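S.K.: One structure, pasted below without further comment.
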Amino acid sequence: MPDLSTLTLFAAASLVLTATPGPDMLLIASRSVSQGRSAGFLTYAGIAVGTYCHAIAAGLGLSQLFVNVPAAYEAVRWAGCCYLLFLAYKTLRSQGSAFSPSAALRRLSSRQIFAEGLATNLLNPKMALFVLALFPQFVDPASGAVLLQMVLLATVLNAIGFLVNGTVILLGGHIRARLSAMRRFPRLPQYLLATVFTGLACRLALGARD
């Protein structure tokens, strides 16, 4: 396993990376504002599980596929774009106020929100390349199984991410409480979330591979 100094250095790098505003933070914040803190934490849980999946894939050598086979990268990239646009459409089509969902809708949404956070992460090939580029720098094959080291690093990254994004979620919940008093624009959070999904789709579609 990596020694303490290696883990400390990786934790510091993880803090800088997770504290820098990016697509994941934007999605988590918009979920928190539109559907509450529980939705924000569920979204982060999905993203965290996705990070484990990418780490395992990198440990098994599967992420190298995106480097060696550009068509695989493009296929996942465009699948991710289409999925994000579908989420934007579904968000706009949802009925009722975003501030007062029914109990049944809330239970259904819990599973959906987690799955959407997971799928959004998995369908982002740049995340796979990020893990493939960063994690091996902190892995020593002589220190044990590479796959277990990858999972350990993913755990550190997720723990740091939980602290950073947890703060974002709490702030988003506070903003939601303020917006709930704006009865003139009850669907404003839904429009915000749909805009975020669309923006992420455009970013994925237009962004360069590296």
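The values are calculated or read from the model by the stated rules, or taken from the named source; none is laboratory data. The structure displayed is predicted, hence computed values, not measured ones. We place every Cβ from the backbone using ideal geometry, glycine too, and count neighbours over all the protein chains shown.
S.K.: Which pairs do you get when a residue that is of a type in the set (F, W, Y), found in segment 20-44, comes within reach of a residue that is part of a helix (DSSP H, G or I) and surrounded by fewer than 23 Cβ atoms within 10 Å (Cβ to Cβ), reach meaning Cβ atoms under 7 angstrom, with the pair 6+ apart or on two chains?
M.R.: Note: pairs meeting the criteria are Y44/F162.
S.K.: Collect the residues in segment 24-46 that are over 20 Å from T155 (Cα atoms), in a helix (DSSP H, G or I) and out of contact with any Pro (no Cβ under 7 Å at 6 or more places or on another chain), keeping them in residue-number order.
M.R.: Within segment 24-46, the first condition is being over 20 Å from T155 (Cα atoms), and the residues that meet it are 26-27, 29-39.
Filter once more, so that each one left must be in a helix (DSSP H, G or I): 26-27, 29-35, 37-39.
Of everything in segment 24-46, those that are over 20 Å from T155 (Cα atoms), in a helix (DSSP H, G or I) and out of contact with any Pro (no Cβ under 7 Å at 6 or more places or on another chain) turn out to be L26, L27, A29, S30, R31, S32, Q35, R37, S38, A39.
S.K.: A further question follows. Looking at R178, R183, which is the one that is part of a helix (DSSP H, G or I) and modelled with pLDDT under 85?
M.R.: Selected residue: R178, the only one of R178, R183 that is part of a helix (DSSP H, G or I) and modelled with pLDDT under 85.
S.K.: Continuing with this model, one more query. So if I check each of S38, S34, S100, S109, which one is under 20 Å from the mean Cα position of the chain (by Cα), surrounded by fewer than 22 Cβ atoms within 10 Å (Cβ to Cβ) and modelled with pLDDT under 85?
M.R.: S109
S.K.: Restricting attention to segment 1-16, which residues are part of a helix (DSSP H, G or I), surrounded by fewer than 19 Cβ atoms within 10 Å (Cβ to Cβ) and either basic (K, R) or in contact (Cβ under 8 Å) with a residue 12 or more places away in the chain (or both)?
M.R.: If the condition is that a residue be part of a helix (DSSP H, G or I), surrounded by fewer than 19 Cβ atoms within 10 Å (Cβ to Cβ) and either basic (K, R) or in contact (Cβ under 8 Å) with a residue 12 or more places away in the chain (or both), then T6, L7, L9, A11, A13, L15 are the ones that fit.
S.K.: Here is a follow-up. Please list, ordered by first then second residue, the pairs with beta carbon atoms under 6 Å, 6 or more apart or interchain, first in segment 135-158 and surrounded by 16 or more Cβ atoms within 10 Å (Cβ to Cβ), second polar (S, T, N, Q) and at pLDDT below 90.
M.R.: F138/T6
S.K.: May I ask you to verify whether C81 is farther than 26 Å from T155 by Cβ and at pLDDT 90 or above?
M.R.: Spelling it out, C81 is indeed farther than 26 Å from T155 by Cβ and at pLDDT 90 or above.
S.K.: Follow-up. Being at pLDDT below 85 and among the β-branched types (V, I, T), is that true of even one residue in segment 160-170?
M.R.: Within segment 160-170, none of the residues are at pLDDT below 85 and among the β-branched types (V, I, T).
S.K.: What tally of residues in segment 65-85 results from selecting those that are among the β-branched types (V, I, T), farther than 16 Å from T120 by Cβ and either part of a helix (DSSP H, G or I) or in contact (Cβ under 8 Å) with a residue 40 or more places away in the chain (or both)?
M.R.: Here the count works out to 1.
S.K.: Another question, then. Could you list all residues from segment 117-154 that are within 14 Å of I47 (Cβ to Cβ) and part of a helix (DSSP H, G or I)?
M.R.: Residues satisfying the conditions are G117, L118, A119, T120, N121, L122, K126, M127, A128, F130, V131, A154.
S.K.: Identify, by number, the condition in (1) at pLDDT below 85; (2) assigned to a helix (DSSP H, G or I); (3) within 24 Å of T155 (Cα to Cα) that T91 doesn't meet.
M.R.: (3)
S.K.: Report, by residue number, each residue of segment 54-76 that is β-branched (V, I, T), more than 13 Å from V146 (Cα to Cα) and surrounded by 13 or more Cβ atoms within 10 Å (Cβ to Cβ).
M.R.: V67, V76
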